[in-house]
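The values are calculated or read from the model by the stated rules, or taken from the named source; none is laboratory data. Every value quoted in this text rests on a predicted model; they were computed, and no experiment measured them. No Cβ is skipped: glycine too gets one built from the backbone with ideal geometry, and neighbour counts run over all protein chains shown. In case anyone asks, the SASA skips ligands and DNA or RNA and just uses the protein heavy atoms, side chains included. Shrake-Rupley method; radii C 1.70, N 1.55, O 1.52, S 1.80 Å.
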Amino acid sequence: MQRPYKDLTVNELLSVKAALEEEYKTMESKGLNLNMARGKPGFSQLALSMPMLDVINSESDMRTVLGNDTRNYGDLDGIGECRRLMANMMGVEKDNVVVCGNSSLNIMYDTVSRSMSHGVNGSTPWCKLDKVKFLCPVPGYDRHFKITEFFGIEMINIPLHLDGPDMDLVEQYVNNDPTVKGIWCVPKYSNPTGISYSDEVVRRFANLKPAAEDFRIFWDDAYCIHHLYDDIQDEVLCILDECEKAGNPDMVYIFASTSKISFPGSGVSAIASSLKNIDFIEAQMTIQTIGHDKINQLRHSRFFKDINGLKAHMKLHAELLRPKFEAVLNTLEAELGGLEIGSWVKPRGGYFISFDALPGCATDIVAKCKALGVVLTGAGATYPYGKDPLDSNIRIAPSFPTPEEMEAAAKAFVLCVKLASVEKILSEK
């Protein structure tokens, strides 16, 4: 077991630092060019979905199972077979689902925008209120935070624990402050920590007693079937069912897409909610669009067929992703175990590994990695306004590089962690 850096004498630290600097120079000469900044599927993952492009051609019957022609207008809420497919993936009923375009982020943006301009189910539009606040579990998804920041909504940090957000704090804000209108959530294999919400946390969400009648939970189920292992998989209660049981049927919007299942930018997305919420959403959609890409919905439905087809496809994804995750996790444990200069969670699914460095080190680690040719998500990106109060959290995205590249990137990363940590500890001696 390695000795913790904090227990080393100044002379020992200086010796470690000198050795690390030599190692850094050697790695710098290798001219690495690796990118772990975003959770992009790798080439081999994208190849899994290529046969989908052959499912439909100029000779195909383009009608749905109900006989509707997908080449024409109609089916505003999505073709029936695709609604069923997405409903099964999200664990809800088909009638509660609207299938949209290629991006769930687009639906989230529209949902916030609609609330700003037209309110929520008849409530006062948020743009006419003096103050609108959103709760943001941190570390979290930077693009969520960018949406609320774009609309001038005040964001409040909520610590994210191993079982979900700090629900004491969530309840304190939601149940007592009528200016709190929403909360961002990634309930399964959270971005970036990889944790999943416990049954107790989901039930506490469903039993909130909001001071604002137009409070909504923005439940981004981006990784609902993105398991890494066959034998160890997280399961999260259906928030829509739990809200119904708690007498809060309208309190949640659920978002999902096939962006990391089929093709990012060319998948299908969906929103699920109460029938009352769906009616309100579709009232705007009839003004906004004649309908989304039903040919793409048909393509996805015929390729995956049903939820079992989706699950089988995702097992193939897991076989490709697992070695990349394990390359990072094994390197973290082998190189940093016992040094007490960082912590991380071993996720069972999703797309990220979250690393917490010593306070004040994240920005330096990211910069040192960049100088070696290893690009990471910017320090602070996992917090609202890009401001991590501890300058500690770093999001690692293992999906895009090859396993061999990922191993090289992980070695570069731990080297930078060690060097930045030694410098930090020395500066405080």
**Report entry** Apportionment of accessible area to carbon and sulfur, the chain, percent (1.4 Å)
**Finding:** 50 percent
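Write down the percent of antiparallel bridges among all DSSP beta bridges whose residues are both part of the chain, to the nearest 5.
Values: 18 of 38 bridges.
Bridges in the chain that DSSP calls antiparallel: roughly 45 percent.
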Report task. Be a star and scan segment 244-280 for residues whose amide nitrogen sits under 17 Å from the point 7 Å along the Cα-to-Cβ vector of Ser117. Result -> 280
Query raised in the report: Hey, rough spin-label estimate for Lys311 and His161, points 7 angstrom out along Cα→Cβ, what's it come to in nanometres?
Result: 3.1 nm
Query - Dipole of the chain, positive end: most advanced residue of Tyr229, Ser196, Gln297 [Cβ charges, Cα centre] - result: Gln297
Requested in this report: Taking the dipole about the Cα centre of segment 21-114, with the C-beta of Lys and Arg at +1 and of Asp and Glu at -1, give me whichever of Leu66, Thr26, Ile56 is farthest to the positive side.
Outcome: Leu66
Report summary line: Given 162-175, 269-282, 212-225, the highest-first ranking by average Cβ count within 10 Å works out to 212-225, 269-282, 162-175
Query raised in the report: Measuring from centroid to centroid over Cα atoms, what is the spacing of segment 366-429 and segment 180-214 in Å?
Result: 28 Å
Requested in this report: Might you tell me the accessible area per residue for segment 137-296, computed with a 1.4 Å probe and given in Å²?
Outcome: 37 Å²
Requested in this report: Sticking to Cα atoms, compute the Rg of segment 232-353 to one decimal and its Dmax as the biggest Cα-Cα distance, whole number, in Å.
Outcome: 19.6, 59
Query raised in the report: In what sequence, highest mean first, do 311-320, 17-26, 94-103 appear when ranked by Cβ atoms within 10 angstrom?
Result: 94-103, 311-320, 17-26
**Report entry** Magnitude of the charge dipole, the chain, Cβ model with Lys/Arg +1 and Asp/Glu -1, debye to 20
**Finding:** 680 debye
Report summary line: Scoring the chain by relative contact order with C-alpha pairs under 8 Å, at least six apart, yields a percentage of 26 percent
Query raised in the report: Taking +1 at the Cβ of each Lys and Arg and -1 at the Cβ of each Asp and Glu, which of Pro178, Asn35, Leu129 sits farthest along the dipole of segment 35-192 towards its positive end, judged by Cα position relative to the Cα centre?
Result: Asn35
Report task. Express in whole angstrom the spacing between the alpha-carbon centres of segment 1-62 and segment 258-288. Result -> 33 Å
Query raised in the report: Stretch Lys30-Ile295 to full length: gain in nm at 0.36 nm per residue minus the Cα-Cα span?
Result: 90.7 nm
Query raised in the report: If you stretched the chain out fully between Glu93 and Asp279, how much longer would it get, using 0.36 nm times the residue separation minus the C-alpha to C-alpha distance?
Result: 65.4 nm
Report task. Give the cross-link partners of Lys305 among the lysines, using a straight C-alpha distance below 23 Å as the criterion and excluding same-chain residues fewer than 8 apart. Result -> Lys94, Lys260, Lys294, Lys315
Query - Residues listed by number, segment 402-429, amide nitrogen under 14 Å from Leu14 label point at 7 Å toward C-beta - result: 426-427, 429
Requested in this report: Give, in nm to one decimal, the length gained when the segment between Leu169 and Ser44 is fully stretched (0.36 nm per residue of separation minus the Cα-Cα distance).
Outcome: 40.8 nm
Report summary line: Given unit charges at Cβ for Lys, Arg (+) and Asp, Glu (-), the dipole magnitude of segment 242-302 about its Cα centre in debye, nearest 20, is 340 debye
Report task. Please list, in chain and number order, the residues 5+ apart from Val374 or on another chain whose amide H is under 5 Å from its amide H, with Hs placed from the backbone. Result -> Leu34
Query raised in the report: What is segment 280-424's relative contact order, in percent, from Cα pairs under 8 angstrom and six or more apart in sequence?
Result: 25 percent
Requested in this report: Report Rg(Cα)/(2.2 N^0.38 Å) for the chain, keeping two decimals.
Outcome: 1.05
Query - Cα-projected label distance for Lys128 with Asn330, points at 7 Å along beta-carbon direction, nm - result: 6.1 nm
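Using only DSSP helix segments of four residues or longer, with each worth -39500 (n - 2.57), what per-residue ellipticity at 222 nm results for the chain after dividing by its residue count and rounding to 500? Mind dumping the intermediate values first?
Details: 13 runs with 176 residues, N = 429.
Result for the chain: -13000 deg cm²/dmol, rounded to the nearest 500.
What do you get for GluC sites (Glu not before Pro) in segment 234-264 restricted to DSSP loop and a cutoff of at most 12 other Cβ within 10 Å of the site's Cβ? Each step should come with its number before you reach the end.
Details: sites: Glu235, Glu242, Glu244; in loops: Glu235.
Those satisfying the criteria are Glu235.
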Query raised in the report: Taking a temperature of 20 °C and a viscosity of 1.002 mPa s, what whole-number D in µm²/s does Stokes-Einstein yield for segment 219-260 with Rh from Kirkwood over alpha carbon pairs?
Result: 180 µm²/s
Query raised in the report: If you put +1 on each Lys and Arg Cβ and -1 on each Asp and Glu Cβ, how big is the dipole of segment 105-185 around its Cα centre, in Debye rounded to 20?
Result: 400 debye
